[in-house]
Structure formats: C-alpha cells, structure tokens
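Structure first, then comments.
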Amino acid sequence: MRRWIDSWPVVRQATGHDRTGRGDAARSTHSAQLRPRTSDADRVVQSICPYCAVGCGQRVFVKDEQVTQIEGDPDSPISLGKLCPKGAASTQLVTRPDRVTKVRYRRPGGTEWEDLALETAMHMIAERVLDTRRSTWQDTDENGRPLRRTMGIAHLGGATLDNEENYLGRKLYTALGAIQVENQARF
C-alpha cells in the first residue's frame, strides 16, 4: 500500500529513477489524465494564416465540423511550424462567441447598426460602385484625347491576397476604369 506522502512529486523525484523531475516524478494524477486538445479532431485541414503577407502554414483541427484548434504546420517551408502571436491566436477568429457573423450596416447619419442579408449588402455595394463610376466617368480630357477612366474608384488590396486574387482584382478594377489600383503587401 502506497503512503500519501509517496504521491508528492518531490518525494518521487528524490526516491525514484527520475532525478531531474522532468518525467514521471513531475506527473500528477491530474496531469496523467490530460490529453492534447487536438487528439479528438475528426480531421486536420492545412491552411494559411490570414494576418499578413508571410503566409505561414497552419493546421486547423476540426471536430464535428467545428474548429477546435489552430497550430503551426511543421510541413510549411515558410514557417516550419511556427506562428507569431496573432497567428497563434487565430482560433479566436472563428470560435469567439462575440464574433460578428452578420453584415452590419449603419446608414449615413445614423447612430444604430442594423443587420442586413448578405445579398442585400452585395447589391448595395454593386449599385454604389456603378453609380460612382457613372458620375465620375471621364471619357476624354479637355483636349478631346480619350481617357476612359474614373477617378472616383480606387482599390487597395490586402496583405493576404495571393497572386491570383491580385490578378483578378486588377482585371476587375481596370475593367471598371479605375486607375488607382494598389496593394499594401510590402515588407
């Protein structure tokens, strides 16, 4: 029969084979029952961190179609399994209970936010882009030379846009006649 004092880690360290106290001597009954939060995942999805242009690899652990943990991907040649503090906290992007998941809109001069359907918000944006293009369109300059542009629309891309998204964005805004198309993804 074990005595209660034998369960103390310092006693196990002094009397057992784990003299450094980094193995069995340090293990408590509680810590022996702990399991990694990733062990229950149904699947692991490889992804890329959304915060900056570095593109660190992430492993997204999913259980019952819910994200349970996000960690660095050791197979990523960019980050080698490491994440900055923002990347390491990116689980909160999808799991925080107070995360905004609806389109929020505050009318001009209004003081209150209202929820909009995504389709409604997309139509509002499209109408405003087309109205702005129509009202600011410059077909020619003062000498009659063709311009075919609008100075009322500009685009600033984000750091997480990849080459394909930048290409499509450039094509879209050029087709609209915008000439101010830029990306802030610089180091």
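Helix 118-136 versus the longest principal axis of the chain: what is the Cα-based angle in degrees, 0 to 90, to the nearest 10?
40
Magnitude of the Cβ-charge dipole of the chain, K/R +1 and D/E -1, about the Cα centre, nearest 20 debye?
It comes to approximately 680 debye.
Tell me the label-point distance for the pair R134, R96, using the 7 Å Cα-to-Cβ offset, in nm and rounded to one decimal.
Going from the R134 label point to the R96 one covers 3.9 nm.
So which GluC sites (Glu not before Pro) in segment 82-167 are both in a DSSP loop and have at most 13 other Cβ atoms within 10 Å of their Cβ?
Loop-located and lightly packed - E112, E142.
Counting pairs of alpha carbon atoms under 8 Å apart in space and at least six apart in sequence, what relative contact order in percent does the chain give?
Relative contact order, the chain: 12 percent.
Which length gain, in nm to one decimal place, applies between E119 and R148 when the Cα-Cα distance is subtracted from 0.36 nm times their residue separation? Please report the intermediate quantities before stating the final value.
Values: separation 29, 0.36 × 29 = 10.44 nm, distance 3.01 nm.
Here the answer is 7.4 nm.
Taking the number of other C-beta atoms within 10 Å as the exposure measure, put T111, T174 in order starting with the fewest.
Fewest-to-most ranking of T111, T174: T111, T174.
Using Cα pairs closer than 8 Å and at least 6 residues apart in sequence, work out the relative contact order for segment 43-95, in percent. List each step's numbers first, then the result.
On the way: 97 pairs, mean separation 15.6, N = 53.
Computed over segment 43-95, the figure is 29 percent.
Throughout, read-outs are computed from the coordinates displayed, never taken from laboratory work. All values derive from a computational prediction rather than experimental measurement. Ideal geometry is used to build each Cβ from the backbone, glycine not excepted, and the neighbour counts take in all protein chains shown.
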